[in-house]
Amino acid sequence: MLENLAKYPDETSTRLKSDSDSQAIYQSLRSSIVEGRLRSGTRLPTERALASRFGAARNTVRKTMNQLVDEGLIIRHVGRGTFVARDHAKGVASAVDEAQFSLGELLEARLMFEPMLAELVAERASSEDLAGLSAYLEALRNAATWTEFKEAKYALHLAIVRASRNSFLISVFETIIASRRKAGWGRPGGHPLPISAVREAAARDNAAIVEALRKRDATAARELISTYLLRTLMSVSDS
C-alpha cells in the first residue's frame, strides 16, 4: 500500500509534463497551419523528430497528432508520412488581418458562449483533459511578465474550450486569441496594481473554475466563468 502511494507524485509529475508537452506541440503545429506557415500538402516531421524537438515522449506526440487528425488539419498516409490536410486557418487568419476587434467586443463575444461551454465540458471532457488543466494553472501562477500572463490565461481557457470537443467553438476561440496576440495583448500602461496581485486574483478565480469542472458541476462552472468574464469586462481598461 505504502509502495503504491509513494509512486503517485511521480505519476502526477509525468502526467503534467505529458499534458504540457502535448499543448506545446499542438499549439506549435496548429498555429503554423493556421497562420499559413505550413501549407496544404506539406510533409510534417516524423513522430521521432517531433519527440526530439520538444523533449516529449513518443506516445505524447502520437496523442497530439491524433487530435490534429481528428480536427481535420493533418492526414496520415501509410508508408508515406503525415501531411497538412488543408489550409484550415487561412480564413481565420484573414478575418483577423482584415478586422480589428476591441477587447470589450471580444469579451462580450466570450460572454455569449463561454459560460455555456461548461455543459459540454462536464459531459465530454476526459479525466485526462480535466487533470491536464493543472499545468495551465501552474503556468498562470508562475507568469513573470504581462505577455506570459496573458498567454497563460488564454491557454487555460483554450484548453477548457478544447475539452468541449466542438471544433467550431475551438476555431472561434482561436480567432479571439489571434486577435489579442496581434494587438500585443493590450499591454497595460501604468497598471495601478503590481502584476503579482492581478496574477494571484486571476489564478484564484480560474482555479475555482477548474475545480468546478473537475467535479463536473456545470452549473457552478458556468456561474464562475460568467462572473470572471464580467469582472474582466468591467476592468477592460486595465486589461
query = Is it true that some residue in segment 33-43 is under 24 Å from LEU137 (Cα atoms) and either part of a helix (DSSP H, G or I) or outside the structural domain of GLU138 (by TED's automatic domain parsing) (or both)?
reply = no
message = Checking SER18 against (1) modelled with pLDDT under 90; (2) surrounded by fewer than 16 Cβ atoms within 10 Å (Cβ to Cβ), only one condition comes out false. Which one?
response = (2)
key: Filter result for SER179 (part of a loop (DSSP other than H, G, I, E, B) and over 22 Å from ALA201 (Cβ atoms))   = no
Top-ranked residue in segment 216-235 [being over 17 Å from GLU123 (Cα atoms) and small (Gly, Ala, Ser); ranked as nearest to the chain's Cα centre (by Cα)] = SER226
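The values are calculated or read from the model by the stated rules, or taken from the named source; none is laboratory data. Predicted model only: the values in this text are computed from it and were never measured. Using ideal geometry, Cβ is built from the backbone for each residue, glycine included, and neighbour counts are taken over all protein chains shown.
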